[in-house]
Amino acid sequence: MAISAIAAKYQKYFITVSYNILQNSQDAEECVNDAYLKTWDSIPPSKPSRLAAFTGKITRNISIDCYKRKHADKRGKGIVDIALSELEECISAESDVEADIERELLYEKINDFLGGLPKRQRMIFVCRYWYLNRISEIANDFGISESNVKTILFRIRRKLGEYLKQEGIGL
């Protein structure tokens, strides 16, 4: 019943999140359905304050995992690869226990940084690196040129890199 209610209200949002990553409607729908199941299995231990955001994050993570599986052999230039490669200059991609602990600190610092940005810049950054929207989509949504979007993102990434260095986050 609860999943049906959230699906009725937010399914379009979840499909959009997944589709932006996968660029395939059937895969997006499958990932959203998997997200509903994972949401159902995650609650009671988890008690999310915002169920839509909680399920949206699950949808995003499942979609990224699906993307990685489908592109494991052919590392093409998909939207996920492009967007994440843009952030490589600011964030390292180590993976071990120590890195997991540092990643939590990194998330906190990135959230602090984003909280200090003007709303429009923050929204552009989130559209690109959370929702993985294409540059052309962002330009259209904000009524600015693609060149302007690229410049804004470049400047934010540069500021983010400087901020993380000041905060002692190694790259």
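The values are calculated or read from the model by the stated rules, or taken from the named source; none is laboratory data. Keep in mind the model is a prediction, meaning the values are calculated, not measured. Cβ placement follows ideal geometry from the backbone for every residue including glycine, while neighbour counts extend to all protein chains displayed. Heavy atoms of the whole protein, side chains included, go into the accessibility calculation; ligands, DNA and RNA do not. Shrake-Rupley method; radii C 1.70, N 1.55, O 1.52, S 1.80 Å.
Things worth noting here:
- Within segment 95-154, the set of residues being among the polar types (S, T, N, Q), closer than 19 Å to GLN23 by Cβ and either in contact with a helix residue (DSSP H, G or I) (Cβ under 8 Å, 6 or more places away or on another chain) or at pLDDT below 90 (or both) comprises ASN133, SER136.
- Among the conditions (1) of a type in the set (A, V, I, L, M, F, W, C); (2) closer than 21 Å to TYR129 by Cβ; (3) at pLDDT 85 or above, ALA8 misses just one, which is (2).
- Taken over segment 37-54, the residue count meeting the criterion of being of a type in the set (Gly, Ala, Ser), part of a helix (DSSP H, G or I) and open to solvent by 40 Å² or more (accessible area, probe 1.4 Å) is 1.
- Taken together, the residues in segment 26-60 that are at pLDDT 90 or above and of a type in the set (S, T, N, Q) amount to 3.
- Of the residues making up segment 129-171, those that are among the small types (Gly, Ala, Ser), surrounded by fewer than 14 Cβ atoms within 10 Å (Cβ to Cβ) and in contact with an Asp or Glu (Cβ under 9 Å, 6 or more places away or on another chain) are SER136, GLY170.
- SER85 being touching a Phe, Trp or Tyr at 6+ places or on another chain (Cβ under 9 Å), among the small types (Gly, Ala, Ser), open to solvent by less than 80 Å² (accessible area, probe 1.4 Å) and at pLDDT 65 or above: no
- In this structure, VAL80 qualifies as out of contact with any Ser or Thr (no Cβ under 8 Å at 6 or more places or on another chain), modelled with pLDDT under 90 and among the β-branched types (Val, Ile, Thr).
- Scanning segment 4-36 for residues that are hydrophobic (A, V, I, L, M, F, W, C) and open to solvent by 40 Å² or more (accessible area, probe 1.4 Å), we see that the one that is nearest to CYS66 (Cα to Cα) is ILE15.
- Residue match in segment 112-131 (condition: hydroxyl-bearing (Ser, Thr, Tyr) and touching a Leu at 6+ places or on another chain (Cβ under 8 Å)): yes
- Filter result for ASP65 (modelled with pLDDT under 80 and either surrounded by 15 or more Cβ atoms within 10 Å (Cβ to Cβ) or not aromatic (Phe, Trp, Tyr) (or both)): no
- Segment 118-144, residues that are touching a Ser or Thr at 6+ places or on another chain (Cβ under 9 Å) and among the hydroxyl-bearing types (Ser, Thr, Tyr): TYR131
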